[in-house]
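Below is one structure, written out as structure tokens; comments come after it.
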Amino acid sequence: MNMENKQSMLRDGALDGKVIVVTGGGTGLGRSMAEAFLRLGAHVCITSRKMDVLETAAKEMEKATGGKVLPVACDVRDWKAVDHLVEEVTREFGQVDGLVNNAAGNFISPTERLSGKAFETIIGIVLMGTVNCTLAFGKHWIAKGEKNKTVLNITTTYAWTGSGYVVPSACAKAGVLALTRSLAVEWAKYGIRTNAIAPGPFPTKGAWQRLLPGELVEKFDMAKRVPLGRVGEHHELTDLASYLISPYSSYVNGEVVTIDGGEWLKGAGQFNMLEMVEPGMWDSIERMVRGTKGS
Ligand code: HXC
Ligand code: NAP
């Protein structure tokens, strides 16, 4: 995806002076969000386990945007590493205004094939990683009495529907949803807003390799599940993220915005399968239904 040709929904400079931390910011959607924030004037800290990936991404994004990127290696499962992240980013930029909890781990598997460790790993990255970062930055803001802060969590639509074959992820993302709505109320008094985005299918190497490996990618064309008939484009998600992380959304708190082209509702609506009826059949169907009058 080429962000260069896409104009942001927000005005130039909309994030001037803001410092935003993006976990999992060296790849995929995290990287796209980080680059969009930079283009709007923010300073960005990207973090994940692989420093080489972060350093390369940071250099490329700085070159593309002229902004400042701080790469920090941090396993979000490790509380001490997350504390160190807070120290590093505040030392570099003096403040942090927004935290995007985007780091995740996931893979497809029948649940009966999973070990306890497999569950622990995914719940550790997705739920505990989000908890650790939110708690560390939240405590920092509260202790300093700093206000106008934003936490933006990246969840999924199966956080509320559940989904087979990605059960550890579904459990963890449901926890992230509960955390979002709970803290939106509890921490509003400290000037901290908490929101979430629930994306549908947005192609990334990380997700596609683990969720649609090999020939599954042709067998299960994600676009066919979506009423709009296509997968998402990164700029569509980064516009939403930029709005939610910015002061323009200052009265939005505790919201989970779905951005999936209508995908999850298509699966949920009982009669949506009638989409498969040939248009020419509707005359005879109508006659049959009307013919039942009085019977
Ligand atoms: C069964 C598996 C497995 C598999 C790992 N395990 N892969 N079990 N099937 N395919 C088990 C291992 O055997 C081990 O348990 C435990 O899980 C931990 O595995 P490790 O490889 O030691 O973990 P780690 O090195 O920490 O790697 C974590 C990872 C890896 C999640 C397994 O894929 C990763 O690093 N992912 C990061 C990026 C990512 O996943 N991105 C996709 C996000 S997409 P035992 O008992 O054997 O020790 C996303 C999209 C949502 O979230 C919605 C899409 C529409
Ligand atoms: P991705 O590129 O694989 O992103 C996951 C990121 O998390 C990677 O940068 C990874 O970097 C980092 N990460 C994993 N474990 C970590 C750990 N223990 N500590 C710190 N960082 C860790 O996949 P993506 O598709 O962009 O996913 C981004 C977010 O969108 C995730 O929350 C995902 O659940 C969500 N989402 C994606 C889709 C989609 O269709 N793509 C749909 C719904 C929701 P390292 O491996 O270097 O640590």
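The values are calculated or read from the model by the stated rules, or taken from the named source; none is laboratory data. As the structure is a prediction and not an experimental result, all values here were calculated from the model. Reconstructed Cβ throughout: ideal geometry from the backbone, glycine too, with neighbour counts over all protein chains shown.
Return yes or no: is G267 at pLDDT 95 or above, within 13 Å of ligand 1 (Cβ to nearest atom) and not aliphatic (A, V, I, L, M)? Give the derivation first.
Working: at pLDDT 95 or above: no; within 13 Å of ligand 1 (Cβ to nearest atom): yes; not aliphatic (A, V, I, L, M): yes.
Taking the combined requirement at face value, the residue does not satisfy it.
For V185, state whether it is in contact (Cβ under 8 Å) with a residue 24 or more places away in the chain and over 30 Å from S250 (Cβ atoms).
Values: in contact (Cβ under 8 Å) with a residue 24 or more places away in the chain: yes; over 30 Å from S250 (Cβ atoms): no.
Here the answer is no, as V185 does not meet what is asked.
How many residues are surrounded by 15 or more Cβ atoms within 10 Å (Cβ to Cβ) and farther than 22 Å from V126 by Cα if we restrict to segment 63-87?
Looking only at that region, the number is 5.
Between S115, S48, S109, S32, which is among the small types (G, A, S) and without any contact (Cβ under 8 Å) to a residue 12 or more places away in the chain?
Numbers: S48 fails: without any contact (Cβ under 8 Å) to a residue 12 or more places away in the chain; S109 fails: without any contact (Cβ under 8 Å) to a residue 12 or more places away in the chain; S32 fails: without any contact (Cβ under 8 Å) to a residue 12 or more places away in the chain.
On inspection, the qualifying residue turns out to be S115.
Listed residues I192, I142, I122; which is touching a Pro at 6+ places or on another chain (Cβ under 8 Å), touching a residue at least 40 places away in the same chain (Cβ under 8 Å) and not charged (D, E, K, R)?
On the way: I192 fails: touching a Pro at 6+ places or on another chain (Cβ under 8 Å); I142 fails: touching a Pro at 6+ places or on another chain (Cβ under 8 Å).
None of the others qualify; the one that does is I122.
Given G232, G254, G206, which one is under 24 Å from L99 (Cβ atoms), within 9 Å of ligand 2 (Cβ to nearest atom) and in contact (Cβ under 8 Å) with a residue 60 or more places away in the chain?
On the way: G232 fails: in contact (Cβ under 8 Å) with a residue 60 or more places away in the chain; G254 fails: within 9 Å of ligand 2 (Cβ to nearest atom).
After applying the criteria, what remains is G206.
Quick check on my filter: what residues within segment 156-214 are away from ligand 1 (no atom under 13 Å from the Cβ) and on the phi > 0 side of the Ramachandran plot?
Listed by number, the list holds a single entry, G191.
Out of the residues in segment 58-111 meeting the condition of being of a type in the set (D, E, K, R) and in contact with a Cys (Cβ under 8 Å, 6 or more places away or on another chain), tell me which one is nearest to ligand 2 (Cβ to nearest atom).
Start the filter on segment 58-111 by keeping residues that are of a type in the set (D, E, K, R), which leaves 59-60, 62-63, 68, 75, 77-78, 80, 83, 87-88, 91-92, 97.
From the residues that got through so far, the ones that are in contact with a Cys (Cβ under 8 Å, 6 or more places away or on another chain) too are 88, 92.
Working: E88: 14, E92: 18 Å.
Within segment 58-111, the match that is nearest to ligand 2 (Cβ to nearest atom) is E88.
Condition first: free of Cβ contacts under 8 Å to residues at least 40 places away in the same chain and either more than 21 Å from the chain's Cα centre (by Cα) or assigned to a helix (DSSP H, G or I) (or both). Now tell me which residues in segment 63-93 satisfy that.
Hits for segment 63-93 are K63, T65, G66, G67, K68, K80, A81, H84, E87, R91.
Which members of segment 7-39 meet the condition of being away from ligand 1 (no atom under 13 Å from the Cβ) and not in a loop (DSSP other than H, G, I, E, B)?
Within segment 7-39, V19, I20, V21, V22, S32, M33, A34, E35, A36, F37, L38, R39 meet the criteria.
Where in segment 178-295 are there helices (runs of 4 or more DSSP H), lying wholly inside it, with at least 3 residues that are under 26 Å from V44 (Cα atoms)? Give the steps one after another, and end with the answer.
Working: elements: 205-211, 216-219, 234-245, 263-268, 282-290.
Of the helices (runs of 4 or more DSSP H) lying wholly inside segment 178-295, those with at least 3 residues that are under 26 Å from V44 (Cα atoms) span 205-211, 234-245.
How many residues are farther than 27 Å from A73 by Cα, assigned to a helix (DSSP H, G or I) and in contact with a helix residue (DSSP H, G or I) (Cβ under 9 Å, 6 or more places away or on another chain) if we restrict to segment 112-166?
4
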